[in-house]
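Chemist: Submitted below is the structure of interest, expressed as structure tokens.
Rule-based calculations on the coordinates, nothing more; no lab input. Because the structure is a prediction, the values reported are computed rather than measured. Don't worry about glycine lacking a Cβ; one is built from the backbone with ideal geometry, like all the others, and counts go over all protein chains shown.
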2 protein chains.
Amino acid sequence: MKIEIIAIGDELTSGRIINTTSSFAARNLFEAGYEIYAMNTIGDTPALIGEALKQALNRADAVLVTGGLGSTDDDLTNEAVSKALNRPTLPNLEILSTIRCHLDEITSTPVSRLEKLAWLPSGATALNPGSRMAGYQLIHDDKPIFFLPGIPSQMQQLLVEEVLPKLSTWHKEHRLATYQRVFRIFNLPETEVNRRIATLDLNPDVQIGYYPVYPEVHLSLTVRDKKTNNARRLFKSSCKAIDTVLGDAIYGCDRESMEQVVGRLLGDKGLRLAVAESCTGGLIAAKITEMPGSSVYFLGGVVAYDNSLKSHFLGVSAHLLTSCGAVSREVAEAMAVGVRKQSSADIGLAVTGIAGPGGGSEEKPLGTVYIAIATAEENWVSKFHFPGDRQQVREITAQSGLDLVRKYLLQGLNPGKED
Amino acid sequence: MKIEIIAIGDELTSGRIINTTSSFAARNLFEAGYEIYAMNTIGDTPALIGEALKQALNRADAVLVTGGLGSTDDDLTNEAVSKALNRPTLPNLEILSTIRCHLDEITSTPVSRLEKLAWLPSGATALNPGSRMAGYQLIHDDKPIFFLPGIPSQMQQLLVEEVLPKLSTWHKEHRLATYQRVFRIFNLPETEVNRRIATLDLNPDVQIGYYPVYPEVHLSLTVRDKKTNNARRLFKSSCKAIDTVLGDAIYGCDRESMEQVVGRLLGDKGLRLAVAESCTGGLIAAKITEMPGSSVYFLGGVVAYDNSLKSHFLGVSAHLLTSCGAVSREVAEAMAVGVRKQSSADIGLAVTGIAGPGGGSEEKPLGTVYIAIATAEENWVSKFHFPGDRQQVREITAQSGLDLVRKYLLQGLNPGKED
């Protein structure tokens, strides 16, 4: 079953806002076994909205439209749909009553403006009439069309709770059994991943995709078949083959992030981490603490951006900072040892480097980074030369630091490899 | 002049990768005075690529295509274009020689695979023949079509350095004088922004857009006219009117982020900031240090995720932590005072709160956050109840902390307002 996605909003066609709602919809629909025919993004222009909707109804089996349902003056989707499909707008009484019930909470906005939200093209069924921002469904030419708000959180909830269940009862026979895994790879270039996969001689029904997602490479494996058993069998054997050729360059699968993997490993071993960050300026800690429950294995640490904080909080000697420089093997190690000791953590991770744009020298060019790990038994320091701009160097440094902790937790001593 | 953007890649239609390249292109083209007719996203399927390209040539004046130009097996754009436009692929000798020159760097990939990159539809002009990943231009039906790689950094560079200059010499008369400003608003709901703007009775030629970008609201003002003077005059007077009704809820304009504004104000006053973060876990420091040159005004700080680090590094007494709890007015203040003193900063900023999903209580529900500022003269603590999930609470806490520093720098003492 082919689905077309239409996202509406001048904020999208002027490039000011990145369209995340279409990606969210595509991912969830794809994983539920639908084919995404096309994703269109157009401005808040009634004629264009009508044209795109008619085109989608011509070539797809179902349509998902997001955006332009709000109460502000630039929200024109309902008017455009009404005109294009010849369905005059009518007030939805349930939504109207919801809006009137909540008027006291939002007294600053005129009633007439809010009531705009309740006027839907005739034949529309509200998806969540108890909410002021209701999505709705239309059946037109015997095809379902879903209209959802453009605000990501509202759209996501309605897609998962209303649209997917409704679609699943619609034309069941058109869905394919779909198995997909995304292998998340770090520290191996895309061409090398491709070369290793090419040696496998996989079944031609296996779809492979390569996607550089800085600083990682993601490899997707997709198997689709009308017969579930066939698809599952082929999927399992292909996954195994890929694991064999890529080994521990695969740090995780599907949506598991590096910080999630590291958190899981720390939790399993009952170890606690602390970090000392210079060039990443808090990025590693921020990534780790994105995970709910990270307080079990993460104590915190020091953002030692200024040298005075490296000395004061981490005990890095002024002599070391002067003689070796803040970006050096010795200072990285002292930072890791210092943060481990000061915080009573099991593992101390420290990074110091030159993220740019300024600060490079011939001896230590931009992208020079030292990453150190300190444990009760031993300490290691690895030196890197990362390419890229400030943001990229910070990102790859954070990822490399976490990857070194991952490898230490998997393999024990001396996880790093000198370049 | 209308431009259509086509992004190609199964990683996009399966929703695994968010399409940032189309947004980047749209923003840059829009700001250069072009109209974006539509943005299409389709998979790596030759028939669909051909169909989309023909449709775009039918309705737009120029086309930008990104993705599917790489060397891996799923890159099919050149084949599809060749077939759709009836232009057989031919090897581009300059690109071929670039590839052969660099073979020693990438020995692991077979030559035949890399040389795929050099085979372009006939009539193609390479945009950067000195690179292995070359974009190219075709003129078809007297319309320019640009093909760029899908990797964001490569695509962005080619768009700015090659496509925009080439487009600007093509059909000059079709461009409109475009003035746009994005007002970045924090701490004022979208409906209230809309209500205040409605009181202004702006000229109907002024296009206004509202975009909630969590946790901010962005308001865009666009004026386009064939006559530059008309557009500029209307733009200036409208900006002034908006400034009047929104006041200091506007923290910045266009692409200026909160951390950039705070950095600029700190730099202007020659003051230095240090932060102590509990629930944001390093996010505030990471945001501040995204800015090049932040070392001038940012010393660093402590990620005091675990209570032991609040005591050890910041001197928060164990008694205070036990009697008031880690999420309290008293502990927030002690953290701000502590980090300011320990780091010898001019301003100490501290946050402590409950980001969830666990940890809430009746007295201190999820989203309870205390933010403190300590200066040489005085300290203040503000209490907040933020709605949303873990990620949203962390994000709005970080933004609110920075906004309090901004208001302190603008207005002096007691910047916060108690809720």
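Chemist: Can you tell me how the protein assembly as shown classifies by the Cα gyration tensor, rounded, prolate or oblate, using a/c under 1.5 as the rounded cut?
Modeler: Oblate, since a/c reaches 1.5 and b/c is not below a/b.
Chemist: Turning to a different aspect of this structure: Taking 8 Å as the Cα distance limit and 6 or more residues as the minimum spacing, I'd like the relative contact order of the stretch B:2-149 as a percentage.
Modeler: Numbers: 274 pairs, mean separation 35.0, N = 148.
After rounding, I find 24 percent.
Chemist: List, shortest first and in nm to one decimal, how far the label point of B:ARG329 (7 Å from Cα along Cα→Cβ) is from its counterparts in the other copies.
Modeler: Output for B:ARG329: 5.4 nm, nearest copy listed first.
Chemist: I'd like the orientation of helix A:390-411 relative to chain A: the angle between its Cα long axis and the longest Cα principal axis, in ° from 0 to 90, rounded to 10.
Modeler: For helix A:390-411, the angle is close to 70 degrees.
Chemist: Restricting to bridges with both residues inside chain A, how much of the DSSP beta-bridge set is antiparallel, in percent to the nearest 5?
Modeler: Percent antiparallel among DSSP bridges in chain A is about 60.
Chemist: For the stretch A:246-390, give me the percentage of DSSP beta bridges that are antiparallel, rounded to the nearest 5 percent.
Modeler: Of those bridges, close to 55 percent are antiparallel.
Chemist: If you take the alpha carbon radius of gyration of chain A and divide it by 2.2 N^0.38 Å, what ratio comes out, to two decimals?
Modeler: 1.23
Chemist: Considering only the protein assembly as shown, what is the antiparallel percent among its DSSP beta bridges, to the nearest 5?
Modeler: Just about 65 percent of them are antiparallel.
Chemist: In addition: For B:LYS143 and B:GLU377 in one chain, what is 0.36 nm times their gap in residues minus the Cα-Cα distance, to one decimal in nm?
Modeler: Once the chain is fully extended between B:LYS143 and B:GLU377, it gains 77.7 nm.
Chemist: Put +1 on the Cβ of every Lys and Arg and -1 on every Asp and Glu Cβ in chain B; which of B:PRO129, B:VAL193, B:PRO215 then has its Cα farthest towards the positive end of the dipole?
Modeler: Selected residue: B:VAL193.
Chemist: Report, as an integer, the average count of C-beta atoms from other chains found within 10 Å of each Cβ along B:46-56.
Modeler: If you average over the peptide's residues, the count of other-chain Cβ atoms is 1.
Chemist: Report relative contact order for chain B in percent, whole number only (criteria: Cα-Cα under 8 Å, sequence separation at least 6).
Modeler: 10
Chemist: Residue by residue through B:28-37, how many Cβ atoms from other chains fall within 10 Å of the Cβ on average?
Modeler: Average per residue, whole number: 3.
Chemist: So how much slack lies between B:VAL160 and B:LYS341, counting 0.36 nm per residue of separation and subtracting their Cα-Cα distance, in nm?
Modeler: 60.5 nm
Chemist: Put the label 7 Å from Cα along Cα→Cβ for B:GLU378; what are its distances to the other copies, in nanometres, shortest first?
Modeler: Values, ascending and in nm: 5.7.
Chemist: OK, next. Rounded, prolate or oblate for the stretch B:193-281? Axes are the square roots of the Cα gyration tensor eigenvalues, ordered a ≥ b ≥ c, and the cut-off for rounded is a/c under 1.5.
Modeler: Cα axes put the stretch B:193-281 in the prolate bin.
Chemist: Moving on. Given the rule -39500 (n - 2.57) for each run of at least 4 DSSP H residues, summed and divided by the residues of the protein assembly as shown, what is its mean residue ellipticity at 222 nm, to the nearest 500 deg cm²/dmol?
Modeler: That calculation yields -11500 deg cm²/dmol at 222 nm.
Chemist: Tell me the angle of helix B:20-31 to the major Cα principal axis of chain B, expressed in degrees between 0 and 90 and rounded to the nearest ten.
Modeler: Between helix and principal axis, roughly 90 degrees.
Chemist: Starting with the fewest neighbours, write out A:SER317, B:SER382 ranked by other beta-carbon atoms found within 10 Å of each beta-carbon. Before the final figure, lay out the partial values.
Modeler: Working: A:SER317 13, B:SER382 20.
Going from least to most buried by this count: A:SER317, B:SER382.
Chemist: Which of A:GLU51, B:GLU190 comes first, and how do the rest follow, when ranked by fewest Cβ neighbours within 10 Å?
Modeler: Arranged by neighbour count, lowest to highest, A:GLU51, B:GLU190 become A:GLU51, B:GLU190.
Chemist: Debye calculation, C-alpha points only, no solvent: report log10 I(q)/I(0) for the stretch B:1-149 at q = 0.09, 0.10, 0.19 Å⁻¹, in the same order as the q values.
Modeler: Those come out to -0.27, -0.34, -1.17, one per q.
Chemist: Kindly flag which residue pairs out of A:LYS310/B:LYS310; A:LYS54/A:LYS116; A:LYS287/A:LYS341; A:LYS143/A:LYS236; A:LYS310/B:LYS341; B:LYS143/B:LYS226 have an alpha-carbon separation exceeding 27 Å in this structure.
Modeler: The answer is A:LYS143/A:LYS236.
Chemist: Further, regarding this structure: Please compute, for peptide A:268-278, the average count of beta-carbon atoms on other protein chains lying within 10 Å of each residue's beta-carbon.
Modeler: 2
Chemist: Additional query: Gap in Å between the Cα centre of the stretch A:1-50 and the Cα centre of the stretch A:127-157?
Modeler: 14
Chemist: By how many degrees, 0 to 90 and rounded to 10, does the Cα axis of helix A:228-246 deviate from the longest principal axis of chain A?
Modeler: 20
Chemist: Between B:ARG232 and the same site in the other copies, what are the distances in nm, shortest first, taking label points 7 Å from Cα along the C-beta direction?
Modeler: Label-point distances to the other copies, shortest first: 7.0 nm.
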